[in-house]
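Asks: Quick one: this structure, given as structure tokens, is what I'll be asking you about.
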Amino acid sequence: VTPPLPLPVVFNYSNSISLSFFYLSFSLVIIIHALNMGTKFKTSLLLLCICFLHSATANSSPNDGLVRIGLKKRKINNLSQIGYVGSNEGGNLRRSDSDAIALRNYMDAQYYGEIGIGTPPQKFTVIFDTGSSNLWVPSAKCHFSVACLMHSKYKSSDSSSYKKNGKSAAIQYGTGSISGFFSEDVITLGDLVVKEQDFIEATKEPGMTFVAAKFDGILGLGFQEISVGDAVPVWYNMMKQGLVQEPVFSFWLNRDADEVEGGELVFGGIDYNHFKGKHTYVPVTEKGYWQFEMGDVLIDDKPTGYCAKGCAAIADSGTSLLAGPTTQPEKICSHMKLCSFDGSHDTSMLIESVVDKNNGKSSSIQDHICSLCESAVIWVENKIKRNETEQDIINHVDQLCERLPSPMGQSGVDCNNLSSMPNVAFTIGGKIFDLSPEEYILKIGEGATAECISGFTPLDVPPPRGPLWILGDVFMGKYHTVFDYGKSRVGFAEAV
């Protein structure tokens, strides 16, 4: 099970600003000489310059038979309030035979809905996460975790349908972890009752990750291949027990901040009122996550080359933002002594002599500069592929400094500059799916005090599952998404 997105961070460069000014001055000299050197060597030196320039600045409806899980929206008041779930890990669809569950939306970052566990049902709010496959909720036997004190807890003695399992379980997330033991009970989703369902009673939720979360637990909708303890996912039992007529479920995530309704999860089909046109379907390439092949990424309709030969991507309702792997350039940055690891051994760091190793900041600053350099390598390589001159590249440096996100996570963005920012698009099934700045930027607050952050973040999913691009709620909010288990495919259409 792979980790979820980290909590949002706006990287503070104050610790390395004086160092960056030194490199900035040094880099200006390099540019002048680079203009008269050979292309290969010139490119390497220019990368060094750009790297340091960058571092100095980044319910069910009685009429249609749908069981709906609804989302409620709340105003975003504080940057630090945004949380992420994520996990450590046009068909023949008939609306009349489907079940839909209404979802609630917390700040466009947490979409969650209500389920019941036991007899009579004990109510819990959960994230419906296509990036994981287990169901877990806090247990009444969780006594020493603050998060358990803040949320509803399952009490097996209150359920007449409870069956003991007892096998231990643990899930590690990028922003936290849970551990506990398996139990068996009935699960209620709208009008649907899933029998003999294994789930995890969480007895430990260490740290602060789940303390402020608006949801109690997580219900995974991924494939059994990534299920901890090889537990049968809820969705599998829904199909096995004949609770849905079509092996399909779909998401509509409402991104309109002025509406109370947050969205809808439909089991057994789709709601045709929530999209326009036809879905573009792509086959699932590897079962586990809902993984598919994605084509190139475009910025202002221009190919970037990041995925020119194709990239693995997943549609993940449990990830708030849109994540991509960090760049993997050749060993240029390690050769320039900016990265401590070149793929085979440690190399000496240029910045070691100017950083106090004893204060614990050395590795942090080294990591920042290494990531910045690697980002610059890919950026310049793409410019060169488009036959841009050195002067064109240099002229773009200022824009690069203003627009590229922080390598440490989400970046702050000037809310007044959205109109000048580029559209970003993804190629899926030969079709372009674009996002405008207003769609990939999260706005927090109102008026003069409003803050904006980028909806993009770096995240490396390790092999064998990764590397992966993760199309989370930022993308699924714009595009209605169908998860077709029967035909092993994922579909996207513009949401309405």
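Asks: Return the residues of segment 297-309 that are open to solvent by 20 Å² or more (accessible area, probe 1.4 Å) and farther than 28 Å from Glu225 by Cα; say none if nothing qualifies.
Replies: Leu298, Ile299, Asp300, Asp301, Lys302, Pro303, Gly305, Tyr306, Ala308
Asks: Does Phe223 meet the test of being under 18 Å from Gln122 (Cβ atoms) and either in contact with a Gly (Cβ under 7 Å, 6 or more places away or on another chain) or hydrophobic (A, V, I, L, M, F, W, C) (or both)?
Replies: In short, no.
Asks: Looking at segment 116-144 only, could you name the residues that are modelled with pLDDT of 95 or more, aliphatic (A, V, I, L, M) and in a strand (DSSP E or B)?
Replies: Passing the criteria: Ile117, Leu135, Val137.
Asks: Here are some residues: Ser157, Ser168. Which one is surrounded by fewer than 16 Cβ atoms within 10 Å (Cβ to Cβ) and in a helix (DSSP H, G or I)?
Replies: Only one candidate qualifies: Ser157.
Asks: Still on this model: Within segment 414-430, take every residue that is under 16 Å from Trp469 (Cβ atoms) and in contact with a Ser or Thr (Cβ under 7 Å, 6 or more places away or on another chain) and give me the one that is most open to solvent (accessible area, probe 1.4 Å).
Replies: Step by step, filter segment 414-430, then rank; the result is Gly429.
Asks: Any chance segment 336-358 includes a residue that's at pLDDT 55 or above and charged (D, E, K, R)?
Replies: Yes: segment 336-358 contains one or more residues that are at pLDDT 55 or above and charged (D, E, K, R).
Asks: What do you reckon, is Val228 open to solvent by 10 Å² or more (accessible area, probe 1.4 Å), hydrophobic (A, V, I, L, M, F, W, C), farther than 19 Å from Tyr111 by Cα and in contact with a helix residue (DSSP H, G or I) (Cβ under 8 Å, 6 or more places away or on another chain)?
Replies: Against the criterion (open to solvent by 10 Å² or more (accessible area, probe 1.4 Å), hydrophobic (A, V, I, L, M, F, W, C), farther than 19 Å from Tyr111 by Cα and in contact with a helix residue (DSSP H, G or I) (Cβ under 8 Å, 6 or more places away or on another chain)), Val228 does not qualify.
Asks: Under 21 Å from Arg465 (Cβ atoms), open to solvent by less than 10 Å² (accessible area, probe 1.4 Å) and at pLDDT below 95: which single residue out of Ile218, Ile270 fits that description?
Replies: Ile218
Asks: Within segment 452-460, identify whether any single residue is of a type in the set (Phe, Trp, Tyr) and either surrounded by fewer than 12 Cβ atoms within 10 Å (Cβ to Cβ) or within 30 Å of Ser227 (Cα to Cα) (or both), and answer yes or no.
Replies: yes
Asks: Within segment 311-325, can you find the residues that are of a type in the set (Val, Ile, Thr) and either at pLDDT 90 or above or out of contact with any strand residue (DSSP E or B) (no Cβ under 8 Å at 6 or more places or on another chain) (or both)?
Replies: The answer is Ile314, and nothing else.
Asks: Looking only at segment 172-205, filter to residues that are under 22 Å from the mean Cα position of the chain (by Cα) and in a loop (DSSP other than H, G, I, E, B); which one of those is surrounded by the most Cβ atoms within 10 Å (Cβ to Cβ)?
Replies: Checked segment 172-205; the qualifying residue surrounded by the most Cβ atoms within 10 Å (Cβ to Cβ) is Glu205.
Asks: Have a look at Gly466, Gly486 and point out the one that is small (Gly, Ala, Ser), assigned to a loop (DSSP other than H, G, I, E, B) and closer than 18 Å to Leu322 by Cβ.
Replies: The conditions single out Gly466.
Asks: Going through segment 285-296 one residue at a time, which ones are open to solvent by less than 20 Å² (accessible area, probe 1.4 Å), out of contact with any Cys (no Cβ under 7 Å at 6 or more places or on another chain) and at negative phi?
Replies: Of everything in segment 285-296, those that are open to solvent by less than 20 Å² (accessible area, probe 1.4 Å), out of contact with any Cys (no Cβ under 7 Å at 6 or more places or on another chain) and at negative phi turn out to be Tyr289, Trp290, Gln291, Phe292.
Asks: Oh, and also: Give the residue that is farthest from Pro303 (Cα to Cα), with candidates limited to residues of segment 462-474 that are of a type outside the set (Gly, Ala, Ser) and surrounded by 21 or more Cβ atoms within 10 Å (Cβ to Cβ).
Replies: Result: Asp473.
Asks: Let me ask something else about it. Among the candidates Gly277, Gly263, Gly242, single out the residue that is small (Gly, Ala, Ser), part of a strand (DSSP E or B) and either modelled with pLDDT under 95 or touching a strand residue (DSSP E or B) at 6+ places or on another chain (Cβ under 9 Å) (or both).
Replies: Gly263
Asks: Another one. What about Val490, is it touching a strand residue (DSSP E or B) at 6+ places or on another chain (Cβ under 7 Å) and surrounded by 15 or more Cβ atoms within 10 Å (Cβ to Cβ)?
Replies: yes
The values are calculated or read from the model by the stated rules, or taken from the named source; none is laboratory data. None of the values given here were measured: they were computed from a predicted structure. So basically every Cβ, Gly included, is an ideal-geometry build from the backbone, and we count neighbours across all protein chains shown. Just the protein is used for accessible areas: all its heavy atoms, side chains included, with ligands, DNA and RNA removed. Shrake-Rupley method; radii C 1.70, N 1.55, O 1.52, S 1.80 Å.
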